[in-house]
Amino acid sequence: MKKKMISVILTAALAGTLAGCSTELSNEYVTVAQYKGLEVPAPAQTEVTDEQVDLVIESNLAGFATREEITDRPAQTGDVVNIDYTGYIDGEAFEGGSAAAAELELGSNSFIGATDDYAGFEEQIVGHNIGDEFDITVQFPEEYSQNPDMEGVVAVFHIVLNSIAVETVPELTDEWVQQNSEESETVEEYRDEIRSTLEESTEDSVRAELQDSVLNTLLENTEVKKYPEDVVSAQEAMFTEAYTQMAEMYEMELGEFLETYMQTTEEELNQQAKEYAQQSAVLGEAVKLIAEKENLEPTEEEYTEGYAEYAEQSGYEDVQAFIDEVGEDALRSQIRQDAVAEYLVDECVQVEQTESAQ
């Protein structure tokens, strides 16, 4: 009987200990049921290939290409030409079919290709001289995802050939590497440098994917009691203002811009803004609870570093101007969220996905 009583007491004590270790957090707005050990899909691990390294090097070399204007011969495959063109269907110019001073590398297959009945756009420029004006006839592909309405359509383009040039891409040599790399001296070292950069980028992408996953899973484990209306209102306004500014850039009213470029309406945008704002506010409350519980609140020095980092990523040289533009509260919230996301990734359980689960 005595042993049984001791067992009951130990069981009760253990239960109390386990309850005390619960990761549930709560405030007036939300209850976070779990945040440690969140199960998230394991990101696919990809290795950097030789082909990827080659593509980056080719792109880097192309950035140092020199251009020589050609005036004593017709255009030929491989040249870069500058053209004006206007497209016509049944004698009528069509929307999106015109451009001025467009640059095109002949043979790049960037424009409409050949079909059984018509030569390609670029092929028909070959052989013409600077100053020539001429018409070409082409046929859009039978499958044309950019504009299904144009599939298989025959069009005439009036071309004005403004200039012809040849671009020369430098060879990858030790000398070129020494002139253009701060880390490498030889071609082999440069290839290793590029590979290392790509691997770091891949790791960053994997980490970012994990952060998105844990934050989404955190939301799934967060119960809403009520929304912080002031935060929701501010987030809604910010969401809508972003689209309003885009519309102004196009010199259009918001409704016209949404229908033309976003295939949506103001009513649908307002609903999206509300959903985004509510979700963002809930996540913000959950993040604040975790940051307080786990002592993850960034220091003022870390906030300052975060401001500078985000300003640089956004192309701002003046950090204070960036803060004034975005809002200090919004930036502090994002920097705090970054810190909590890093913690959650370290605490999460990555689950390998089976084919059936995918």
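Bear in mind that the values in this text are calculations on the coordinates, not laboratory data. Given the structure is predicted, the values throughout are model-derived calculations rather than measurements. Glycine gets a Cβ as well: all are built from the backbone with ideal geometry, and neighbour counts include every protein chain shown.
Ordering Gln337, Tyr310, Gly327 by Cα displacement along the dipole of the range 279-358 toward the positive end leaves Gln337 in first place; charges were set at the Cβ atoms of Lys, Arg (+1) and Asp, Glu (-1). Over 18 Å apart at the Cα level, from the set Lys226/Lys288; Lys36/Lys225; Lys36/Lys226; Lys36/Lys288; Lys226/Lys293, are Lys36/Lys225; Lys36/Lys226; Lys226/Lys293. Each Lys and Arg adds +1 at its Cβ and each Asp and Glu adds -1 at its Cβ; summed about the Cα centre, the range 209-353 shows a dipole of about 600 debye. On the beta carbon distance between Glu352 and Glu292, with R0 = 35 Å, the FRET formula returns roughly 0.60. Farthest towards the positive end of the charge dipole of the range 203-300, among the residues Gly255, Gln278, Thr222, is the Cα of Thr222, using unit charges on the Cβ of Lys, Arg, Asp and Glu. Using only C-alpha atoms and all pairs of different ones, pull out the Kirkwood radius for the range 16-155 in Å with one decimal. Computed over the range 16-155, the radius equals 20.8 Å. Ordering of 140-153, 247-260 by packing is 247-260, 140-153, highest average first (other Cβ atoms within 10 Å, averaged per residue). Could you compute the FRET efficiency for Val224 and Asp72, with r as their C-beta to C-beta distance and R0 at 56 Å, rounded to 0.05? The pair Val224/Asp72 has a calculated efficiency of 0.15.
Shape summary: the range 109-203 maps onto an equivalent ellipsoid whose semi-axes, from the alpha-carbon gyration tensor, are 42, 22, 10 Å in decreasing order. Per residue, the chain reaches -15500 deg cm²/dmol at 222 nm when only DSSP H runs of four or more residues are counted, each adding -39500 (n - 2.57).
When only the Cβ of Lys, Arg, Asp and Glu is charged (+1, +1, -1, -1), the dipole of the chain relative to its Cα centre reaches about 2700 debye. Give the shape of the range 44-94 as rounded, prolate or oblate, defined through the alpha-carbon gyration tensor: a ≥ b ≥ c are the square roots of its eigenvalues, a/c under 1.5 means rounded, and otherwise the shape is prolate if a/b is larger than b/c and oblate if not. Cα axes put the range 44-94 in the oblate bin.
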